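Student: Right, I'll just put the structure down here and ask away after.
Derivation of every value follows stated rules applied to the coordinates shown; laboratory data play no part. Remember, predicted model here, so these are calculated numbers, not experimental data. Neighbour counts run over all protein chains shown; Cβ positions are idealised from the backbone, glycine included.
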């Protein structure tokens, strides 16, 4: 029997939220007209960002905000969800020209537990290969394994800051 730590539970919950934000963003980008098939959290995010759905059919109503307004509010929600955004450069000799940043870190939670997204930056400053790293007092930082859809959502999330 494996025991899930508080830090791992926190990381898993954040991964689900990031997936829902990504799904909501895709829904608005594709200008879909129905909420059918959406996860509960995705629908909740869309409703909080101005989408209105008919309770019986699941179709959007005439009171729904414009698509670009919904997308804008999703983007704002992503921006406001992080605590800190940082970058760092690679090792270099003193006096060398200022090197480009090569790594990034996005802090989602601090303390016990802490959670961050870490990854590399491309030569153009875009996020590449982000990982969700959680830690708890007395335990080493651990990478949360993600399936393909959660990894795609994490990449999208990181690109909202480094894209």
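Student: May I ask you to list the residues in region 125-157 that are more than 21 Å from residue 25 (Cα to Cα) and either touching a helix residue (DSSP H, G or I) at 6+ places or on another chain (Cβ under 8 Å) or assigned to a strand (DSSP E or B) (or both)?
Tutor: Across region 125-157, the qualifying residues are 133, 134, 135, 136, 139, 142, 143, 144.
Student: Are any of the residues in region 60-73 assigned to a loop (DSSP other than H, G, I, E, B), free of Cβ contacts under 8 Å to residues at least 24 places away in the same chain, touching a strand residue (DSSP E or B) at 6+ places or on another chain (Cβ under 7 Å) and closer than 30 Å to residue 33 by Cα?
Tutor: Yes, region 60-73 has at least one match.
Student: Please work out which one of (1) farther than 20 Å from residue 10 by Cβ; (2) surrounded by 15 or more Cβ atoms within 10 Å (Cβ to Cβ) is the condition residue 63 fails and give its number.
Tutor: (2)
Student: Among what's in region 80-91 and is out of contact with any strand residue (DSSP E or B) (no Cβ under 6 Å at 6 or more places or on another chain) and loosely packed, with under 11 Cβ neighbours inside 10 Å, pick the residue that is farthest from residue 117 (Cα to Cα).
Tutor: The extreme case among them is 91.
Student: Just checking, which of 46, 38, 19 is within 16 Å of the chain's Cα centre (by Cα) and either within 25 Å of residue 121 (Cβ to Cβ) or not in a helix (DSSP H, G or I) (or both)?
Tutor: Only one candidate passes the filter, namely 19.
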